[in-house]
1. How many of the residues making up the range 103-115 are in contact with a strand residue (DSSP E or B) (Cβ under 9 Å, 6 or more places away or on another chain), within 11 Å of the ligand (Cβ to nearest atom) and either open to solvent by 10 Å² or more (accessible area, probe 1.4 Å) or not assigned by TED's automatic domain parsing to the domain that holds E127 (or both)?
2. Does L316 meet the test of being away from the ligand (no atom under 16 Å from the Cβ), more than 17 Å from the chain's Cα centre (by Cα), within 21 Å of G361 (Cβ to Cβ) and buried (at least 22 other Cβ atoms within 10 Å of the Cβ)?
3. Being more than 27 Å from G14 (Cβ to Cβ) and either open to solvent by 20 Å² or more (accessible area, probe 1.4 Å) or within 14 Å of the ligand (Cβ to nearest atom) (or both) is the requirement here; does A162 meet it?
4. Just checking, which of I248, I317 is closer than 24 Å to L150 by Cβ and in contact (Cβ under 8 Å) with a residue 60 or more places away in the chain?
5. Would you please name the residue that is farthest from E58 (Cα to Cα), looking only at residues in the range 206-216 that are out of contact with any Asp or Glu (no Cβ under 6 Å at 6 or more places or on another chain) and open to solvent by 10 Å² or more (accessible area, probe 1.4 Å)?
6. Looking at (1) modelled with pLDDT of 95 or more; (2) buried (at least 20 other Cβ atoms within 10 Å of the Cβ), which one does D185 not meet, given that it meets all the others?
7. Hey, which of the helices (runs of 4 or more DSSP H) in the range 47-152, taking only ones fully inside, have at least 3 residues that are touching a Lys or Arg at 6+ places or on another chain (Cβ under 8 Å)?
8. If I filter the range 279-294 for residues that are crowded, with 16+ Cβ neighbours inside 10 Å, within 15 Å of the ligand (Cβ to nearest atom) and touching a residue at least 12 places away in the same chain (Cβ under 8 Å), do I get at least one hit?
Amino acid sequence: MHSYSKSTLCVHKGTIIDKEDEGANSPVYTSTSFGYLDKDTPMYPRYFNTKNQQALAEKISALENGERALAFSSGMAAITSTLYSLLSQGDHIIFQSALYGGTIKFITRDLNRFGISYSFVNSTHIEDFEAAIQQNTKAIYIETPSNPLLKITDLEELARLAKANNITSIIDNTFASPVNQNPIDWWMDIVIHSATKYLNGHSDVTAGAVISSKENIENIWEVARNLGGSLNAQICSLLERSLKTLYIRVKAQNENAHQLAHFLEAHQRIKKVWYPGLKSHIGHETAKKQMSGFGGMLSFEPEHSSIIELQKRLELIRPAVSLGGIDSTICSPALTSHKGLTQEEREREGISDTMLRLSVGIEDPDDLIKDLDQALESL
Ligand SMILES: Cc1ncc(COP(=O)(O)O)c(C=O)c1O
């Protein structure tokens, strides 16, 4: 099925054929106990090897152009299992500093305890990543577009640097989704998703995924089955169903976000907009090179400082944490994803207390524009 386009893979790839009844969807196998007499490794959900887990992994892997994938019970389970599989005592890893707050908490709380050292690079410039490489550096980990400033790092250059230094390159591709960006095509080694976001897209599943080569996935699996962050069959089935519409959802979100970004950029009560699809965005040219769409996430700085009141006056767009759902949501990064950072750390990252982040859904863009306009004008 490799020659099919993404929208077709979303619908069909991995589906378990229901030979008996010719049903449209993968049957759901709820067992946690399977026969073992004629098998080397019996099926068991924590081994990531049941039919529904594998059907889901096959679809996700195809969408990211990987060889193999593992589906996890959360994005953080995917992230921690990957890092624990790669790193040992005495190793060093480089992180882009603009990362999801939960990932930063894990790094700063847990890595040193296991004798793993790390450096944060507050930059998207490849020279700055290069300068951070030490003789024991094992991996480089980035997010592009990043949260919440949608900073763009050049994947091709980063992967080249990593390969030249025998370092594993990892990207959290949650913000872009596989519809807009396939990092493996740019020679990145490992792709991670919080499937809680765009992959599921309906704000009703917590899940994660890792996609890579067969060899890398086998190594991650060795650790993952001990850490235990696997998904049960019912959730696999829900996520498989959601993925069938991933392509059309994300296309609509790209289009809506584009319209909203232009509307906000022209609005007299907005000081600044961050969206990689805008020419004014510092990473626009790199985003154009490596992304096939600019995504559904944007951030802006309103002129008015009462951002809580602004959010309360919205009628359609819901103030909420998380992102990537079909319904539009808004949040203050300083009060949500980056609350755990000190004021000084947020300032260093360029995240102000009055910045707002929009996760644009699939509603009619005119309705979203009207909602933002009435809330901004009412203050
Ligand atoms: C970019 C990014 N990566 C990873 C995660 C963690 O995912 P989960 O909440 O599914 O564990 C999040 C959650 O917000 C995220 O935004």
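The values are calculated or read from the model by the stated rules, or taken from the named source; none is laboratory data. Computed from a predicted model, the values in this text were never measured in an experiment. As a convention, Cβ positions derive from the backbone with ideal geometry for all residues, glycine included, and neighbour counts pool all protein chains shown. Note: accessible area is taken over every heavy atom of the protein model, side chains too, but ligands, DNA and RNA are not part of it. Shrake-Rupley method; radii C 1.70, N 1.55, O 1.52, S 1.80 Å.
1. 1
2. The answer is no for L316.
3. no
4. I248
5. Residue satisfying both the conditions and the ranking: T206.
6. (2)
7. Here the list reads 51-63.
8. No, the range 279-294 contains no residue that is crowded, with 16+ Cβ neighbours inside 10 Å, within 15 Å of the ligand (Cβ to nearest atom) and touching a residue at least 12 places away in the same chain (Cβ under 8 Å).
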